[in-house]
Structure formats: structure tokens, C-alpha cells
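Working notes, structure below.
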Amino acid sequence: MNASAALSHGEPGNTADQDCALSYQSLDWLCTLIAVLDSQGVVRFVNAALENALGQSRRTMEATEFATCFSEPALLDKALSGARSNDFAALRFEAALLRLGQDLLPVHVTVSLVEQQGHVMVEMWPLEQQARQDREERIREQAEANKELIRNLAHEIKNPLGGIRGAAQLLQMDLATPELREYTTVIVHEADRLQVLVDRLLAPHRHPHDVGDVNIHEVCERVRSLVLIEYPQGLKITRDYDISIPEFRGDGVQLIQALLNIVQNAAQALSLRIAQGDAEIILRTRVARQVTLGRQRYRLALELHVIDNGSGVPDAIKERIFYPLVSGRDGGSGLGLTLAQTFVQRHHGLIECDSQPGRTDFRILIPLP
């Protein structure tokens, strides 16, 4: 649905701000960023997608000049001047929006007249949006391929592994000297270690999806307490919660495990800072609006960030950190993030990572009711 079609479902507007908002409220269902201005460029309405993109509320933006939201205000001023003089029906250009505490947001802009209202509509499409959707699709396709590969590989390994362990035990019983029995002990020990690895590979496929009411902050607090028990000194885990986030239907055990894997990875990456006593992990919860996941649009979604002040994900594995058996640390199994992604995808969500030296941000997105 485009903006014009959405407007046909709204109520007739008038000069009152409340009636104006009612007239354009159907635009909140669109993923396009939309601002409705009067002929002087003053904001009369912005939709939820634009609120979310700019990090500003509708109430804050109303009655302000919308051109101030652009890095080059003159571009919009010129378009509005053309609209006032009826030089065009619609004008298109590319610009960049200013966002609070974030980088500029490049957008493609269309400015058009809303004749029945006497207003100007500014529609904006983030240039990064399509690239992000394509990236999400690749992550999901790769995750599905990984799951199938892991499941088949684990089953193929499991059966001969049991035979190897059993044969080593039988051989150990017939060996007379302790020196020779040491070799069979190594075989049994390594077979057991591989069995644990195989069990972890198969774990997501063995356990049913046990759905119930989930409070995400109870999940965060459980994970926080477990990690602080493991790292009692040198690590600070900061809470930054939006307590208005509602409960949702999900598997609490799987979400605890997913978050625990991410936070434990962060803590392990902070080993040097923990030794120095200045390591920090931030657990931040927010509500995201008009989010697209798996090419499906959701009105609301949980946005859970795990942010650490470590050295960052190595460039060599940045694009592969959710692949199985890929690890940035010596001795790591490379399964923690793979399993976390699997558990979150079972909730129709996704995990993303943005990392640079000094700040790594794992973002979990899960649709809300």
C-alpha cells in the first residue's frame, strides 16, 4: 500500500491538529517514512516509521520546520517553494536525515501535494533498507542451510563415534600395561568430548518449542545473575530497560540460552578489560516500530541490545560469526552464536551484529503482539 492509498482510508481532515492526526493516522501502517507539512514546511503529522527512524516523537516534531531534519535543509526548502507555486505534481531527490545520536540516514525523497488537504506530503525511503532486507534474507537462508547440514553431519558422526568409544573400552580391558591403557583412555576421552559437541549440534532439533508468556526483563535478569556469578570482579553489567515492554508468547528457556550465549561471548571477549577492572556489558531493551523481519511487516518488535566495550569482532570473521564452528577465540566451539540465532529465529526474529573496536552491539529483534 502506498501513501495515497492509505490516505483514502483516513477520515476527512480540518484545520484542527487532532483532526489532522486522525486524517493521516492510517499512514502509521506504512513502512515508508512520511511527514505531512503545511505550505510553509511546518510539520502537521509524522508517521510511526519516521518517529522510529529519527528517534523523535511525533509530539516533539509537530509545529517545527521539517527542513531542520535534513543535513541540507535547502533541498527541501527548494522543493516546498516549487510546491507552493504549483511548479510540479511530485518532485524526487536524494538527501540525508539527521538522527539523534546516530549517523546520517540517506534517503530517497518524494515531495507531492495533498490537494484535498492543502498540505504537502514528504515520503522517504531509506537507501539502506533494501540492502538490509537482502542481508536478512541471506542470513535466514544460510541459517536454514546450516541447520540441515549440522543435523545430517551430527547424525553421521554419532553412530561411528559410539563404536569407536566402545571398541576402545574393550581394548583397554585386554591391555596389560598402564602405558598402553593411557592411549585407550585418550581415545575414550576424545570420543566423549566429540559426543558433547554432537549433542550441542543436535540440541535445537531435539527440544520442542515450549511456548508460554515471556517477560524479557526476567530473561535478562536471569542471564545477568548467571554471568556475574562466573565473573564476580572486573565486569559491570548495566541495565537499561524499557519497563513498558509487554509480555509475549515464546519459549523462555530457549531465549535465556540464546541471550546467555551472547552475553558469555561478550564476557569472554572482555578478558583483558576484566583484568583491568573496566569491562562493561549493557543490556538495553526498547520497542521498535514498523519492523520488517523475513519480509513480513510487524507493527511492534522487541529490540534487545547486548553492548560491550571490548576490542570488537575480528574483521576476518565479521560476516561469518553466526556460521557453525566459526570462533574468534582459541578453544571456542563456534556454536554459541549459531544456536542463539536458531533459537531467536524460532520466535520469528533475528540477531544482527555491529562491531568496531571499543563497541560491539548484538541486536535481537523479536515481533511483539
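Observations on the model:
- With neighbour counts taken as other beta-carbon atoms within 10 Å, the residues TYR183, TYR298, TYR24, TYR241 rank, fewest first, as TYR183, TYR241, TYR298, TYR24.
- All other residues whose Cβ lies under 10 angstrom from that of VAL42 are scored, Lys and Arg at +1 and Asp and Glu at -1, for a net of -2.
- Gain in span if fully extended, GLU221 to ASP199, counting 0.36 nm per residue against the direct Cα distance: 5.2 nm
- Local electrostatic count, ALA67, Cβ distance below 13 Å [Lys/Arg +1, Asp/Glu -1]: -3
- Extension gain, ASN159 to ILE243, is 25.4 nm, computed as 0.36 nm per intervening residue step minus the present C-alpha separation.
- Using a Förster distance of 45 Å, the FRET efficiency for LEU272-ARG181 (Cβ separation, nearest 0.05): 0.65
- Most to least packed among 348-356, 313-321, 211-219 [average Cβ atoms within 10 Å]: 348-356, 211-219, 313-321
- For SER311, nonlocal amide neighbours, meaning residues 5 or more places apart or on other chains whose placed amide H falls under 5 Å from its own, are GLY358.
- Computed extension length for VAL188-ALA167: 6.6 nm, one decimal, from 0.36 nm per residue of separation with the Cα-Cα distance subtracted.
- Residues of segment 75-89 with amide N under 14 Å of the 7 Å Cα→Cβ point at GLU65: 75-81
None of the figures in this text is laboratory data; all of them are computed from the coordinates on show. Just so we're clear, the structure is a prediction, and the values are computed from it rather than from any experiment. Cβ: placed from backbone, ideal geometry, glycine included. Neighbour counts: every protein chain shown.
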